[in-house]
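The values are calculated or read from the model by the stated rules, or taken from the named source; none is laboratory data. Just so it is clear, the structure is predicted and the values come from calculations on it, not from any experiment. We place every Cβ from the backbone using ideal geometry, glycine too, and count neighbours over all the protein chains shown. Quick note on the areas: whole protein, heavy atoms, side chains included, nothing else; ligands and nucleic acids left out. Shrake-Rupley method; radii C 1.70, N 1.55, O 1.52, S 1.80 Å.
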Amino acid sequence: MPSKLISFFYALVFLFQAGFPGSAKADINTFHPYHVGSVEINYNAKSKTFEITGRFFLDDLENGLSKKYGKPFHFNDAKYKSQLNDALKAYCSEYFKLKVNTKFLQVNFIGYEEDQESVNIYLESEPVQNPKKIEAAVSLLYNLFDDQINIVHIIINGQRKSEKLVYPNRYLYQQF
């Protein structure tokens, strides 16, 4: 059900960006009215690591990085790829923390993928045995929007727990 909620949000935002059927198409520079991202924290029992995927609107992430680091960033432009990797690594390190069974885990930036409207950010934790108590601090794009919503899914051994974090709330706790 939570993934349907995310799909609904993206569909709704797309309609506002593209214009409703039969209406005049919105100006391409019009900002979308909702600031929503999703983060999936999935435990891989084989590697004993958490595989994290964050999905955000491309323009929001560009603007968040630009505001944080004081210079422009542009996805879908090869000349910015190295700068984006460095900036995203630092940004995720600051705005995403993961604690499992009372121990903070090292989370490594793996990379990102982009399309015309969104960016997927990939992270992976150090290995951890038998995760039961999960705490996360997720404040991606809180430096840009005071209405940012991050929908967070934690999946361990097929059991999924989801929570909606609305600025300024950045902390979540789940027991498995």
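Quick notes on this structure:
- Asp86 meets the stated requirement of being open to solvent by 60 Å² or more (accessible area, probe 1.4 Å) and modelled with pLDDT of 95 or more.
- Residues satisfying the stated conditions in the range 50-75, i.e. of a type in the set (Phe, Trp, Tyr) and buried (at least 17 other Cβ atoms within 10 Å of the Cβ): Phe50, Phe56, Phe57, Phe73, Phe75
- Test set (1) open to solvent by less than 60 Å² (accessible area, probe 1.4 Å); (2) modelled with pLDDT under 55 - Ser47 fails condition number: (2)
- Residues considered: Tyr171, Tyr142. Of these, the only one that is more than 17 Å from Val36 (Cβ to Cβ), in contact (Cβ under 8 Å) with a residue 24 or more places away in the chain and not hydrophobic (A, V, I, L, M, F, W, C) is Tyr171.
- Residue ranges of strands (runs of 3 or more DSSP E) in the range 101-174 with at least 2 members open to solvent by 60 Å² or more (accessible area, probe 1.4 Å) and under 17 Å from Leu61 (Cβ atoms): 107-114
- Residue within the range 19-42 that is among the hydroxyl-bearing types (Ser, Thr, Tyr), within 24 Å of Gln174 (Cα to Cα) and either surrounded by 16 or more Cβ atoms within 10 Å (Cβ to Cβ) or modelled with pLDDT of 95 or more (or both) present: yes
- Residue count, the range 89-100 (criterion: in contact (Cβ under 8 Å) with a residue 12 or more places away in the chain and open to solvent by 80 Å² or more (accessible area, probe 1.4 Å)): 2
- Complete set of residues in the range 95-128 that are more than 15 Å from the chain's Cα centre (by Cα) and among the aliphatic types (A, V, I, L, M): Val100, Leu105, Val128
- Flag if Lys89 is out of contact with any His (no Cβ under 9 Å at 6 or more places or on another chain) and either under 17 Å from Ile41 (Cα atoms) or of a type in the set (D, E, K, R) (or both): yes
- Flag for Phe75 being under 15 Å from Leu141 (Cβ atoms), in a loop (DSSP other than H, G, I, E, B) and in contact (Cβ under 8 Å) with a residue 40 or more places away in the chain: yes
- Filter result for Ala78 (farther than 18 Å from Ile149 by Cβ, open to solvent by 50 Å² or more (accessible area, probe 1.4 Å) and of a type in the set (A, V, I, L, M, F, W, C)): yes
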